[in-house]
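Here is the structure we will look at.
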Amino acid sequence: MAVAQQADPELKLIYSLVSASECKPEWEAVAAEDAAVKVYWHQWPRLKIIDGVLSRHFESANDLSAHSQ
C-alpha cells in the first residue's frame, strides 16, 4: 500500500506534508494543487501515518467506535 501511495502524485504530496509536520500547512501550500489534495487538506486532523501508510481516522458521532481507512 505504501508503494502505491508513493506512486500517486496527490497522495505522495499529502504523505510528505503529514510526515513533515503534525501542523496543518497554510492554504497557499496546496492552493495550486488538484482537487484531491485540497480534500485531504480539509481532512488534515484525521490524517495519520501508520506503519508507513497514510490513513484517515474516523470516529462515530457518539465516540463508541473508531476505525482507520
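The values are calculated or read from the model by the stated rules, or taken from the named source; none is laboratory data. Not measured: the values here are computed from a predicted model. Quick note on the areas: whole protein, heavy atoms, side chains included, nothing else; ligands and nucleic acids left out. Shrake-Rupley method; radii C 1.70, N 1.55, O 1.52, S 1.80 Å.
Ignoring ligands, DNA and RNA, how do Glu33, Glu28, Glu22 rank by accessible area with a 1.4 Å probe, largest first?
From most exposed to least exposed: Glu22, Glu28, Glu33.
Suppose a student asked you for the relative contact order of the chain, using Cα pairs under 8 Å spaced at least 6 residues apart; what percent would you report?
RCO, the chain: 26 percent.
Let me cross-check Ser16: its accessible surface, 1.4 Å probe, with only protein heavy atoms counted, in Å² to the nearest 10?
60
For the chain, just say rounded, prolate or oblate: build the C-alpha gyration tensor, square-root its eigenvalues into a ≥ b ≥ c, call rounded for a/c under 1.5, and beyond that prolate if a/b exceeds b/c, oblate if not.
oblate
With runs of 4+ DSSP H residues as the only contributors, calculate the mean residue ellipticity of the chain at 222 nm using -39,500 (n - 2.57) per run, divided by the residue total and rounded to the nearest 500.
-10500 deg cm²/dmol
Using only Cα atoms, find the angle between the long axis of helix 9-20 and the longest principal axis of the chain, and express it within 0 to 90 degrees, rounded to the nearest 10.
Around 70 degrees separate the two axes.
Tell me, what is the 1.4 Å probe accessible area of His57, in Å² to the nearest 10?
Counting only protein heavy atoms, His57 exposes about 60 Å² to solvent.
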